[in-house]
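Everything on this sheet refers to the single structure shown next.
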Amino acid sequence: MLTVEFKRLQWQQQRVFQHNALKTQHPTFNIQHYPQFVMHIHDAQFLIGATKPEHFPKETTLPEVAFIGRSNVGKSSLINSIVRRKNLAHVSGTPGKTQQINFFGVNHQWMLVDCPGFGYAKVSQTDRKAWRGLTHNYLNEREQLRLVCQLVDIRHDPSNLDLSMIEELELAARRYVIVLTKKDKISPTAAEERKAQLAEVTQLCFGCIDILPYSAITNDTRENLWAILKRECAL
Ligand SMILES: Nc1nc2c(ncn2[C@@H]2O[C@H](COP(=O)(O)OP(=O)(O)OP(=O)(O)O)[C@@H](O)[C@H]2O)c(=O)[nH]1
Ligand SMILES: [Mg+2]
């Protein structure tokens, strides 16, 4: 007879196994051959920049996808890449550019949410606390938030701040994808190694649904991200 504790462990093991299986794609599967994953963007516009939770749009129930990560990691560039626009979200070589939570509406169907970057040394302690509080509030309280893209620079080990964001997402019971940005800057082998490292780090995490190397220059894994967005937001 199985004890309850043993059954629980067995169930947990099974979850981890299923979860890891999800992260591994079949090597011959090329998503670009599947037209159903292509996303047609006919409308994308900036809606509001929120500096307080009271500013978050209230009159909408559209599904939202949020983008979080260190300052300069490529959040705004990723948003532009997803909607195939050059300047929808402001991209800058100067870190700490996005200082509010920016909401963008897409196709009047769903929303992209660009959060302020964390970890930029030159931002004052007070500002840093305020942005952190705002993002925390958004991640924990926002009902229509369906998916979070947590961005990590593919060239570096995840920092303590990256890891604490993953922990925060787990605690908030959010579903999230780890997007490894700037993959055009390293070799495919090094990219695979980084992906494996992140898979190891998140192997006991329940909320992490995928780890996706990405380049906002080549956009070659855009269909993969579209497919995830479509599924998570039921688009
Ligand atoms: N080579 C390369 N450069 C990228 C990529 N994505 C972003 N960048 C560059 O990285 C810099 C920062 O990009 P942003 O998109 O502004 O980064 P962010 O995370 O929005 O930055 P903050 O708003 O300051 O938090 C810019 O110079 C981009 O051109 C990428 O995939 N490949
Ligand atoms: Mg930005």
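The values are calculated or read from the model by the stated rules, or taken from the named source; none is laboratory data. Values in this document were obtained by computation on a predicted structure and should not be read as measured data. Note that we place each Cβ from the backbone using ideal geometry, even for glycine, and neighbour counts take in every protein chain shown.
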Considering every residue within the stretch 107-116, establish whether at least one is out of contact with any helix residue (DSSP H, G or I) (no Cβ under 6 Å at 6 or more places or on another chain) and at positive phi. yes
Glu59 under 24 Å from Lys129 (Cα atoms), acidic (Asp, Glu) and more than 9 Å from ligand 2 (Cβ to nearest atom): no
What number of residues within the stretch 203-214 are under 14 Å from the mean Cα position of the chain (by Cα) and either over 25 Å from Ile79 (Cβ atoms) or not hydrophobic (A, V, I, L, M, F, W, C) (or both)? 4
Any strands (runs of 3 or more DSSP E) falling wholly within the stretch 49-148 and containing at least 2 residues that are more than 16 Å from ligand 1 (Cβ to nearest atom): 101-106, 110-114
If you take the residues in the stretch 181-209 that are outside any loop (DSSP other than H, G, I, E, B), within 16 Å of ligand 1 (Cβ to nearest atom) and of a type outside the set (D, E, K, R), which one is surrounded by the fewest Cβ atoms within 10 Å (Cβ to Cβ)? Pro188
Would you tally the residues in the stretch 51-91 being more than 23 Å from Pro213 (Cβ to Cβ) and either more than 17 Å from the chain's Cα centre (by Cα) or without any contact (Cβ under 8 Å) to a residue 12 or more places away in the chain (or both)? 14
Only one of (1) in contact (Cβ under 8 Å) with a residue 40 or more places away in the chain; (2) of a type outside the set (Asp, Glu); (3) within 22 Å of Ser76 (Cβ to Cβ) fails for Arg155. Which number is that? (1)
Among the residues of the stretch 101-121, which ones are aromatic (Phe, Trp, Tyr) and closer than 11 Å to Phe67 by Cβ? Phe104
Conditions: (1) at pLDDT 95 or above; (2) away from ligand 1 (no atom under 15 Å from the Cβ). Ile178 meets all but one. Number of the miss? (2)
